[in-house]
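Just so it is clear, none of the values below were taken in a lab; they were calculated from the coordinates. Since this is a predicted model, take the numbers as computed values, not measurements. With ideal geometry, Cβ positions are generated from the backbone for all residues, glycine too; neighbour counts draw on all protein chains shown.
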Amino acid sequence: MTAATIDTTAGDPRPVPTLRLFAAELRWVLRRPRTLIMFGLFALVPILIAIGVVVADGDGDGNGGRGLIGSIGGNGLVLPIAAMTISLTLLLPLAVAVASADAIAGEASHGTLRGLLLSPVGRLRLVGMKAFGVLVVAVVATLVIAVVGVLAGLVVVGGADGQLITLSGTTVGLGEAVGRVGLVALWTVGQLAAVGAVALAVSSFTEHPLVVLASVLGGLITFGVLSTIPALDWLAPYLLTTGWSAGADALRDPLPLDGLGSSSLVALVYLVVGAAVLITRMSRRDA
Amino acid sequence: MTDRGTGGGTALDTAPTHGAPGPVPAAGAMAARAVGLRKVFGTTVAVDGIDLDVPAGSVFGMLGPNGSGKTTLIRMLLGLTRPSGGTAELLGRPVPDGLSATLPDVGALVEGPGFHPFLSGRENLRRVAMTEPRLGRSEIAAAVETALERVGLAGAAGRRFRGYSLGMKQRLGLASALLVPRRLVVLDEPTNGLDPSGTREVRRIVGELRAGGATVLLSSHLLAEVEAICTHVAVLQAGSLVVSGELSTLLDAGAGGLEITVDDTGAAVEALRAAGATAFTEAPGTVVADGGPPAPRLLAALVHAGIDVFEVHRRRPHLEELFTRLTEDRNDRDGESA
């Protein structure tokens, strides 16, 4: 009997390796049906856009309208970047909010947070484990959109001989185009990490997952409203959502990095504040 | 320190031979200790300055009506709730600073079993096992199966927790507390929702744990259950400790005289009164003697008086009577002071 061979008098136990905790969290996140359904739905986003673009082209409209979506017509490699940018406005933050809500508030409502603290995982490591799980959801969701976007762009939309025509009118090769898609994906994950840190902080104060969802969505909507009020223009640089159109910068040539950079900096501030609140709260939370 | 020496009788998943001496706990070692522990939620005093010692190797039953502070006290001992005042110790180390060293040797089922409804019983247990410091990664699968079998859940392990009955949920909670051999097992209302056979199994498991040298701290409102399996009890009432100590001592202290079966009750009462005891006839053929000289002297008096004595036993109250008396006394007092 394996268990019987453990000598409980053999001194203090060593904590479970952090990698094992991460593996446990990964398994838990990926076994959750709603996570998998969510990933499936994200795969549909670029496919639906692709179909929409192709159908619009078929109408004989030619250039398929203006804007980011319009520029996809006959230029498939725009699709992943457009899909990520569109999803970032609501769908991706929602996914991160769901993951964050389940991560702490959900565990608390099932009484499983208690089990983790009793193991003991350690409160700081618990935060790390939960942040890892949320980050995995953000990364996978973004990658699903990016990869399916590239494939759907090349297969369904096609055009430009596997090249990307930038908004500036120049042409870049497949390799660099994929590199730019990767850059936008990385930047998107950074923005989502900020959303995740704040969502986890909210999650650490409640045992009702819905509160987390409501807070994140309410926050996004509030930010959106604030940014439309001219008298509050001075507030815009501090709003996380202000920089969320910077993803389209990757379609310009030469690549302007100031928008991506400054929005990443804002995200970093949200991340640090969220993490600080999260850690403070989790070190004291009753379970 | 509560080092139990090298007895090494921690093979908890092998059937113990009852009566075999387990490892002897170091004299005076406490598996858990509360000193002036207090918890206030808003204006409600949930636990009001409790001092409690849970001796190593005991089966310690915590009794009390709903809302008497049992669970809050347990949660503070395990570091799940920060006390408003006082200190707690677990396996000889302070809470919460020593928890990372002590909790791996503590199994707990607190406030009902907490599991994920979308995972199977086995997968839920596996997740708990992944975070157990005492389990190596290669030992997880075997430990999970052993624990499932031990609580009689092996057959339903593949089913989702969502579909479990209350009793099955409770069994899974027990299984997670027993994943590795423990020095202390804390069971909050362990028989909740269990059928009679489940209740018997809990009793068997507690017996096994004790034989293996572990300390068991359980809370319950089932007095018969506690009386059957506990060596020590503590009675809580409205956040305060009413009494605590060894069960047999407490019951003896509440003893109510001798019950003597004789052929002639009238003569017996006379003889007993003559010997200085308070005596009366209770049922036909039975007299009760209280106070006065010790039992052997009373019996000698009866025999000298030529009365045939068929049976004598001390009236020991059941825990239920003791509990009722203790908690009702207190209610009366509270009523007067209010």
Order of A:LYS130, B:LYS169 - criterion: other Cβ atoms within 10 Å of each residue's Cβ, fewest first: B:LYS169, A:LYS130
How big is the equivalent ellipsoid of the range A:86-232 along its three axes, where each semi-axis is √(5λ) from the Cα gyration tensor, reported in whole Å from largest to smallest? 36, 20, 12
One checks the Cα atoms of the range A:166-287 and finds Rg and Dmax, in Å, of 17.3, 58
Report the charge-dipole magnitude of chain A in Debye, nearest 20, computed about the Cα centre from +1 at each Lys and Arg Cβ and -1 at each Asp and Glu Cβ. 1040
Hey, got the Cα dimensions of the range B:256-314 along the principal axes, in Å, largest first? 24, 23, 16
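Could you give the length gained by full extension between A:VAL225 and A:LEU44, i.e. 0.36 nm per residue of separation minus their alpha carbon distance, to one decimal place? Intermediate values should be presented prior to the final figure.
Details: separation 181, 0.36 × 181 = 65.16 nm, distance 2.85 nm.
Result for the pair: 62.3 nm of gain on full extension.
At a Förster radius of 45 Å, what calculated FRET efficiency corresponds to the Cβ-Cβ distance of A:THR89 and B:THR87, to the nearest 0.05?
Here the calculated transfer efficiency is 0.30.
Give me the orientation-averaged projected area of the Cα convex hull of the range B:163-270, in nm², one decimal. Write out the running numbers ahead of the final one.
Working: hull surface 43.9 nm².
Answer in nm², one decimal: 11.0.
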At q = 0.07, 0.11 Å⁻¹, what log₁₀ I(q)/I(0) does a Debye calculation on the Cα points of the protein assembly as shown give, no solvent, two decimals? -0.60, -1.05
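Roughly how compact is the range B:206-338, stated as its Cα Rg over 2.2 N^0.38 Å to two decimals? Spell out each step's value before the answer.
Numbers: Rg = 19.3 Å, N = 133, 2.2 N^0.38 = 14.1 Å.
Against the empirical 2.2 N^0.38 Å value, I get 1.37 for the range B:206-338.
Using only helices, what value at 222 nm comes out for chain B when you add -39,500 (n - 2.57) per DSSP H run of length 4 or more and divide by the total residues, to the nearest 500 deg cm²/dmol?
-10000 deg cm²/dmol
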Table column - 3J(HN,Hα) (Hz), the range B:218-231, Karplus curve with 6.51, -1.76, 1.60, x for Gly and Pro: 10, 10, 6, 10, 8, 5, 4, 4, 5, 4, 6, 10, 9, 9
For labels at B:ASN66 and A:GLN163 in the simple 7 Å Cα→Cβ model, what's the distance in nm? 7.6
Name the residues whose placed amide hydrogens come within less than 5 Å of the amide hydrogen of B:GLN237, ignoring near sequence neighbours (fewer than 5 apart) on the same chain. B:VAL242
Taking neighbour Cβ counts within 10 Å as the exposure measure, how do A:ILE51, A:ILE145 sort from fewest upward? A:ILE51, A:ILE145
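Quick one: Cα convex hull volume of the range A:73-126, Å³ per residue?
Numbers: hull volume 5.7 nm³, N = 54.
Spread over its residues, the Cα hull of the range A:73-126 gives 105 Å³ apiece.
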Please report, in whole Å, how far the alpha carbons of the range A:233-277 spread along each principal axis, starting with the longest. 40, 24, 12
Treat the count of other C-beta atoms within 10 Å as a stand-in for reagent exposure and order A:VAL144, B:VAL47 from fewest to most. A:VAL144, B:VAL47
Sort all Cα-Cα distances of chain B into consecutive 20 angstrom bins from zero, then give the percent of pairs in each bin up to the one containing the longest distance. 27, 48, 21, 4
What value in Å³ per residue do you get for the convex hull of the alpha-carbon atoms in the range A:122-191? 87
Tabulate in residue order the Karplus-calculated ³J(HN,Hα) for the range B:96-106, using 6.51 cos²θ - 1.76 cosθ + 1.60 with θ = phi - 60°, rounded to whole Hz; enter x for Gly and Pro. x, 4, x, 4, 5, 8, 8, 4, x, 9, 10
Which lysines have a Cα less than 22 Å from the Cα of B:LYS70, not counting those fewer than 8 places away in the same chain? B:LYS39, B:LYS169
Membrane-span-like helices in chain A: DSSP H runs reaching 27 Å or more (Cα, own axis), mean Kyte hydropathy at least 1.0? A:33-56, A:123-152, A:174-203, A:258-282
When Rg is the radius of gyration of the Cα atoms in the range A:76-165 and Rh is its Kirkwood radius, what does Rg/Rh come to? 1.22
Share of Cα-Cα pairs in the range B:59-177 lying beyond 20 Å, as whole percent: 50
Please list the non-local residues whose amide H lies under 5 Å from the amide H of B:ALA32, H modeled 1.01 Å from N, same-chain partners needing a gap of 5 or more. B:VAL54, B:LEU91
Residue-count net charge about A:ARG123 - beta-carbon cut-off 9 Å; Lys, Arg +1, Asp, Glu -1: +3
Top positive-direction residue, dipole computed over chain A with Cβ charges, set A:GLY111, A:LEU151, A:LEU77: A:GLY111
Using only DSSP helix segments of four residues or longer, with each worth -39500 (n - 2.57), what per-residue ellipticity at 222 nm results for chain A after dividing by its residue count and rounding to 500? -20500 deg cm²/dmol
Would you mind pulling out the separation of the Cα centroids of the range B:228-295 and the range A:230-283, in Å? 78
Amide H to amide H under 5 Å from B:GLY49: which residues, 5+ apart in sequence or cross-chain, H placed 1.01 Å off N in plane? B:ARG38, B:LYS39
If you average the C-alpha positions of the range B:178-207 and of the range A:120-142 separately, how far apart do those two centres end up, in angstrom? 33
Apply the Karplus curve 6.51 cos²θ - 1.76 cosθ + 1.60, θ = phi - 60°, to the phi angles in the range B:155-169 and return the couplings in whole Hz, x for Gly and Pro. x, 10, 5, x, 7, 5, 4, 3, x, 6, 6, 4, x, 5, 4
Counting Lys and Arg as +1 and Asp and Glu as -1 over every other residue whose Cβ sits under 11 Å from the Cβ of A:ASP249, the net charge comes to 0
With Cα coordinates, the longest principal axis of chain B makes an angle with the long axis of helix B:265-274, in degrees rounded to 10, of 90
Chain A -> Rg/Rh from Cα coords, Kirkwood Rh, value 1.06
